[in-house]
Amino acid sequence: GTFLLLLTPALDAGTEAMPKDMTFVFDTSGSMQGEKMTQAKAALRFCVGALAPEDRFRIVRFSDTVELFRPEPLAATAENREAANRWIERLEAVGSTDIDAALQLALAHESPRGRPHMIVFLTDGLPTAGVKDAREIVQRALARNQAETRIFAFGVGNDVNRGLLEDLAEGTRAISCFVG
């Protein structure tokens, strides 16, 4: 015979979330215009708003250039989250897409020992500047990722380079998700 045993942990497992460093990598290239940009901004504001006070965060905005919201990671205080939301609101979709440069900058961050660093990558995944070959972008990101940072890839729109985003996520033991 056979049997089925289902075990479900209690809702309150008694563990607290570990403080973490989050880097949000946000595509503002011209291909993100319109509804894509609206959706991506809303997702980024949600992510910043969901941070715990003991977390730290950075935002990397990229198109054919790469820009940090602030040079150093910020504590996720209400004041810093509000400043980030004001900055996010002013972002516009212009230029080409240099995914490699953005990932290299994001992966350069070194968290203190015992504090995980995770990257949330919001893009349509279509590289048009810098390194354009998807396989090479993934290889360069994985080679740079000495700290084993997980890259959670979120593709926005219907013309997403799924292979690039899935390979980044799988190569870093993370997940990818796509929003039409």
Taking H as built 1.01 Å from N, whose amide H comes closer than 5 Å to the amide H of VAL179, not counting residues under 5 places away? GLY155, VAL156, GLY157
The set of residues whose placed amide H lies less than 5 Å from the amide H of LEU126, leaving out same-chain residues fewer than 5 positions away, is ASN161
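Report the antiparallel proportion of the DSSP beta bridges in the chain as a percent, rounded to a multiple of 5.
Details: 5 of 28 bridges.
Within the chain, antiparallel bridges account for around 20 percent of the total.
Summing -39500 (n - 2.57) over the DSSP H runs of n ≥ 4 in the chain and dividing by its residue number, what mean residue ellipticity at 222 nm do you reach, to the nearest 500 deg cm²/dmol? Please list the in-between numbers first.
On the way: 5 runs with 58 residues, N = 180.
Theoretical 222 nm ellipticity from helices: -10000 deg cm²/dmol.
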Which trypsin sites (Lys or Arg not before Pro) from segment 78-134 combine a DSSP loop assignment with at most 12 other Cβ atoms within 10 Å? ARG113
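State the extension gain, in nm to one decimal, for the chain segment bounded by LEU5 and ALA42, taking 0.36 nm per residue of separation less the distance between their alpha-carbons.
Gain on stretching LEU5 to ALA42: 9.2 nm.
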Entry for Rg and Dmax of the Cα atoms in Å (calculated from the structure that is shown) out of [x] 16.7, 51; [y] 15.6, 51; [z] 17.3, 64: [z]
Give me a comma-separated list of calculated 3J(HN,Hα) values for segment 162-179, in order, Karplus coefficients 6.51, -1.76, 1.60 applied at θ = phi - 60°, integers in Hz, x for any Gly or Pro. 4, x, 4, 5, 5, 5, 4, 5, 4, x, 10, 6, 10, 10, 10, 9, 10, 10
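Work out the FRET efficiency for LYS132 and GLU16 from their Cβ-Cβ distance, taking R0 = 41 Å, and round it to the nearest 0.05.
Working: r = 43 Å, r/R0 = 1.05.
So, using R0 = 41 Å, E works out to roughly 0.45.
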Consider a paramagnetic label point 7 Å from the Cα of ALA78 along Cα→Cβ; state which residues of segment 22-63 have an amide N under 16 Å from it. 49-54
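Each value in this text was obtained by applying a stated rule to the coordinates, not by laboratory testing. Keep in mind that this is a model prediction, so the values were computed, not measured. Backbone-built Cβ (ideal geometry, glycine too); neighbour counts: all protein chains shown.
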